[in-house]
Amino acid sequence: MKRPGNTTARGRVGVGRPSVAPLAPILAGVLALAAGMFAVGCKGGSSDGGTGGSGVGAAAGSSTRPTTADATRLKSGPAPLNYMVGPGGNLRVVDATTGKTILTTTANPQSAISIDQAKGISINGTVVMHGPLPAGHQYELWLDKPKQ
């Protein structure tokens, strides 16, 4: 004999029929994160006229480093250099050996930045500036402070 509602023959509610309602907030978060990753705008700078071979716009190399009044230095060192950007925003990669900004781009919160001598510079696995980068150089990753 079948009982009315969502019960089993033993009277336990919901057994054998899992609910997907608890997964709805997780699915919404995953979809929002995926949409945000596709919305990242990038600019890459390289020696091939600025397109970096990737079709994204380029930022001109600058002869000066960002100052601590304008930006926060997140990480520095030789390649390979990896960093997870917390708040996201306008990022600059500086070749500390030459003192020039080699990439200016925008990254979403929690973006993974990778500086690799052979591959170049990537954000969340997407190359925004193709390598190879100069051997033995030091790099700095800067996050611009929000305008007030």
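The values are calculated or read from the model by the stated rules, or taken from the named source; none is laboratory data. Small disclaimer: the values here were computed from a predicted structure and weren't measured. When we count neighbours, we look across all protein chains shown, and the Cβ atoms used for this are built from the backbone with ideal geometry, even at glycine.
Selection of the range 113-130 for residues being under 18 Å from the mean Cα position of the chain (by Cα), free of Cβ contacts under 8 Å to residues at least 60 places away in the same chain and surrounded by 14 or more Cβ atoms within 10 Å (Cβ to Cβ) yields Ile113, Ser114, Ile115, Asp116, Lys119, Ser122.
For the range 108-128, residues that are among the polar types (S, T, N, Q) and in a loop (DSSP other than H, G, I, E, B) total 4.
Could you grab me the full set of residues in the range 129-148 that are assigned to a loop (DSSP other than H, G, I, E, B) and of a type in the set (D, E, K, R)? Passing the criteria: Lys145, Lys147. Among residues of the range 73-88 being farther than 10 Å from Leu141 by Cβ and at pLDDT 90 or above, the one that is surrounded by the most Cβ atoms within 10 Å (Cβ to Cβ) is Ala79.
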